[in-house]
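Beneath this line is the structure, given in structure tokens, with notes to follow.
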Amino acid sequence: MDYLPYFLKKYELDLQPTNSICIDVNEARNGLYPGAHIAASNPYEHYHHGIVVDVDTPDLKIIHFWGQEKDESRVQFTNLPVFLAGSPLDLGKKTRRLYLVNYDGDSLEKQQETVKRAKETLEKTDELVYNLATLNCEGFANFCRAGSWESEQINRSKDFLVSNALQIYERVKNANEQNKKHIHDILKSLPQDALTEEEQVLYNKLCQYLEN
């Protein structure tokens, strides 16, 4: 079982990127541009992020941090239909909504720098080891756009996990090892000095369980 959609729906946790808008896929060629930070998701799912690098190809060219299995993720090229499907294997079977993340003070120069940084990262993909909490698809897109590996949805998820640790503990008792590891990675990236004494107790209890 993938526990994230369950918790997102149960607690109405919205992971939509700040300053993002949902755009019509059929109008994507007109609304997107080289250097655009895009995301794809459906209700109560995580958002997958990428950077548009070419809008003159038939299906648009995108660079993203992705793998069929999370532990095998690499920075690589894809196109818009596959990006929205979530996987080449799901092409034609499913799709997701498309979002454009807007940036204050945006300019053509910043967009060009975004494309350059994405391509440079592509050349160093062997140096990047995917980590759900610290090196993920959103962090990659933010790095290309703003220069820092920040993930807003991970930060929101961390706050949610700590605030609802006891309830989550009851629900993840039967989680498989991969889900336990993902939740544990998110928790371990949380700055300890940001927790209250009560939150620290809950945090330690949940981490201890997930480590067993």
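The values are calculated or read from the model by the stated rules, or taken from the named source; none is laboratory data. Model, not experiment: these values are computed from the prediction. Note that each Cβ is placed from the backbone with ideal geometry, even for glycine, and that neighbours are counted across all protein chains shown. When the accessible area is computed, the model is the full protein with side chains, heavy atoms only, and any ligands, DNA or RNA have been set aside. Shrake-Rupley method; radii C 1.70, N 1.55, O 1.52, S 1.80 Å.
Tell me whether the stretch 117-124 contains one or more residues that are within 15 Å of the chain's Cα centre (by Cα), crowded, with 16+ Cβ neighbours inside 10 Å and modelled with pLDDT of 90 or more. Among the residues of the stretch 117-124, not one is within 15 Å of the chain's Cα centre (by Cα), crowded, with 16+ Cβ neighbours inside 10 Å and modelled with pLDDT of 90 or more, which makes the answer no. Suppose we keep only residues that are of a type in the set (Gly, Ala, Ser) and out of contact with any helix residue (DSSP H, G or I) (no Cβ under 8 Å at 6 or more places or on another chain) within the stretch 82-93. Which one would you say is most open to solvent (accessible area, probe 1.4 Å)? The qualifying residue most open to solvent (accessible area, probe 1.4 Å) is Gly86. For first residues located in the stretch 113-131 and without any contact (Cβ under 8 Å) to a residue 40 or more places away in the chain, partners that are not hydroxyl-bearing (Ser, Thr, Tyr) and lie 6+ apart or on another chain with Cβ distances below 6 Å form the pairs Arg117/Cys144. Restrict the check to the stretch 38-45 and report whether at least one residue is free of Cβ contacts under 8 Å to residues at least 40 places away in the same chain and over 24 Å from Leu132 (Cβ atoms). For the stretch 38-45, residues free of Cβ contacts under 8 Å to residues at least 40 places away in the same chain and over 24 Å from Leu132 (Cβ atoms): absent. Beta carbons closer than 9 Å, at least 6 apart along the sequence or on distinct chains, pair a first residue in the stretch 94-107 that is exposed (fewer than 15 other Cβ atoms within 10 Å of the Cβ) with a second that is of a type in the set (A, V, I, L, M, F, W, C) for Lys94/Leu84; Lys94/Ala85; Asn102/Ile21.
Per-residue answers, yes or no, for (1) of a type in the set (Asp, Glu); (2) open to solvent by 80 Å² or more (accessible area, probe 1.4 Å); (3) part of a helix (DSSP H, G or I); (4) modelled with pLDDT of 80 or more:
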| position | (1), (2), (3), (4) |
| --- | --- |
| Ala133 | no, no, no, yes |
| Phe143 | no, no, yes, yes |
| Gln153 | no, no, yes, yes |
| Phe160 | no, no, yes, yes |
| Ile168 | no, no, yes, no |
| Gln178 | no, yes, yes, no |
| His182 | no, no, yes, no |
| Leu187 | no, no, yes, no |
